[in-house]
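Every number here is computed from the coordinates shown, using simple stated rules; none is lab data. Keep in mind that what you see is a predicted model, and the values were worked out from it rather than measured. Cβ: placed from backbone, ideal geometry, glycine included. Neighbour counts: every protein chain shown.
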Amino acid sequence: MFGFNSAHTNNNPYEHTLTSSNISQLPLLWTYATGNRIRSSPTIAGGLVYVGSNSSKFYVFDATCRKNCLPLWAFATGNNILSSPAIAGGLVYVGSADGKLYVFDATCRKNCLPLWTYTAADTSFVSSPAVAGGLVYVASSTGTFYAFDATCRKNCLPLWTFTAEKSIISSPAVAGGLVYVGSTDRKLYAFDATCRKNCLPLWTFTTGKPIYSSPTIAGGLVYVGSNDRTFYAFDATCRKNCLPLWTFTADASLVSSPAVAGGLVYVSSSSGTFYAFDATCRKSCLPLWTFTAEKPIYSSPTIAGGLVYVGSTGDRLYVFDATCRKSCLPLWTFSMGSNSVYEPDITSSPAVADGLVYIGSSDGKFYVFGFPG
């Protein structure tokens, strides 16, 4: 699912093919033109790759394909797909700007139709679903937070809902018995993940501006960015009146979601600055290093095989060495180029698995990098 797991660590610990020794030679294997911008981040599971597009279609590819790859199947929704898919329990969940949550059988390989859909009134689903503890969590652009039974296969209705004061673009994260989500009402909400009815937040914290960043939970901390230019770290064991353990003021708003692995926390700003913090820090934390891209970074970083991948609106995909602690520069970059219809930029987050790197671009193309064979 978005962020690799329900805690949104953005870390794939199983990738070992791509390393710091071979990443500089990484070639482009294939692309597929969807016909419109790709903001959705791809998800890989069960030998398949799932991604949505502003072409109002949900695409599924064979993850073993290495050349001239076409979708195994595609499903047309009623509007753009910005939500990133989540796969769990044999089901695929994805939201659409048409106001529907779509659920597919993950074993389907041809002419696939939804097992069920849920329609929310006068809204869209930009937030990406998260699945954990037998529940599916997703939020709508009107600010309603939904929890569904993950065992449901037909005519599924929410077990409970909660409505924030404004829209929710942030994707929920689940770990340690809590569910966290941010809202444009400037609040970070924390719910009890064991709740099944009439659920209210255990606590909220109000930031200075809207929260578009999705929370990340790792190492006993909850990290989230805000448009108030502040990066927040909370104690994940806190259940009441929770205040940040530490904050850092960035040079611009933080829309990107954090990533955590190998003792470091990564997050990007809308000015294009990429920050790396010590994940063991608990007070007065400053970046270990920073790198400034040519243009803003809204893409959330991905960590796999000791490498950190992140895209920028300057159409570049960057890869850093995750073991670097000082004066870190990219090991590899790739420019998507441009076409006559859409200027390329990357807000989709990379996905890395089995030696392949997947990412969407606003030039309408789905890019796949890897070594042939």
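Could you please rank ARG229, ARG153, placing first whichever residue has the fewest other Cβ atoms within 10 Å of its Cβ?
Result, fewest neighbours first: ARG153, ARG229.
For a quick check: sort SER170, SER312, SER300 by the number of other beta carbons within 10 angstrom, fewest at the front.
If I rank by nearby Cβ atoms, fewest first, I get SER312, SER170, SER300.
At a 10 angstrom cut-off on C-beta neighbours, averaged per residue, how do the peptides 13-21, 213-221 rank from highest to lowest?
Top of the packing list down: 213-221, 13-21.
In a Gaussian network model over the chain where Cα atoms closer than 10 Å are linked, find which of PHE58, PHE231, PHE334 has the largest mean-square fluctuation.
Most flexible of the set in this elastic network: PHE334.
Full-extension gain between THR142 and ARG109, please, as 0.36 nm times their residue separation minus the C-alpha to C-alpha distance.
So the extension gain works out to 8.5 nm.
Is there a quick way to get the dipole size of the chain? I mean about its Cα centre, with the Cβ of Lys and Arg at +1 and of Asp and Glu at -1; what is the value in debye to the nearest 20?
Result for the chain is approximately 400 debye, rounded to the nearest 20.
Residue separation times 0.36 nm, minus the C-alpha to C-alpha distance between SER24 and GLU165: what's the value?
46.1 nm
Name the most mobile residue of ALA121, ALA353, ALA45, meaning the one with the largest mean-square fluctuation, in a Gaussian network model of the chain with Cα contacts below 10 Å.
Highest fluctuation among the options: ALA121.
Fully extended, how many nm does the chain gain between LYS295 and ASP278 (0.36 nm per residue separation, minus their Cα-Cα distance)?
Here the segment from LYS295 to ASP278 would lengthen by 3.6 nm.
Compute the FRET efficiency between CYS152 and ALA74 as 1/(1 + (r/R0)^6), taking r as their Cβ-Cβ distance and R0 = 25 Å, and round to the nearest 0.05.
It comes out at approximately 0.50.
Compare the Cα positions of PRO114, VAL368, THR216 along the charge dipole of the chain (+1 at Cβ of Lys, Arg; -1 at Cβ of Asp, Glu; about the Cα centre) and return the one farthest towards the positive end.
Ranked along the dipole, the leading option is PRO114.
Among the lysines, which have Cα under 23 Å from the Cα of LYS326 when same-chain residues fewer than 8 positions away are ignored?
Leaving aside lysines fewer than 8 places away in the same chain, those within reach of LYS326 are LYS283, LYS295.
Please give the charge dipole size of the stretch 1-152, origin at the Cα centre, charges +1 on K and R Cβ atoms and -1 on D and E Cβ atoms. Round to the nearest 20 debye.
420 debye
Given a Förster radius of 45 Å and the C-beta distance between THR249 and LYS67 as r, what FRET efficiency does 1/(1 + (r/R0)^6) yield to the nearest 0.05?
Once the sixth-power term is evaluated, E becomes 0.45.
Can you tell me how the stretch 11-370 classifies by the Cα gyration tensor, rounded, prolate or oblate, using a/c under 1.5 as the rounded cut?
Note, shape of the stretch 11-370 comes out oblate.
Where is the GNM fluctuation largest for the chain (alpha-carbon springs, 10 angstrom cutoff): TYR232, TYR223, TYR212?
Judging by the Gaussian network model, the answer is TYR232.
Quick one: go through the stretch 287-306 and flag any residue whose amide nitrogen is under 15 Å from the point 7 Å out along the Cα-to-Cβ line of LEU329.
Within reach of a label on LEU329, which here means backbone N under 15 Å from a point 7 Å along Cα→Cβ, the stretch 287-306 contributes 290-294.
Provide the percentage of antiparallel DSSP beta bridges, counting only those with both residues in the stretch 11-370; round to the nearest 5.
100 percent
Starting from the Cα of LYS209, draw a straight line to each of the lysines and keep only those under 20 Å, dropping any in the same chain fewer than 8 residues away.
Correct list for LYS209: LYS166, LYS187.
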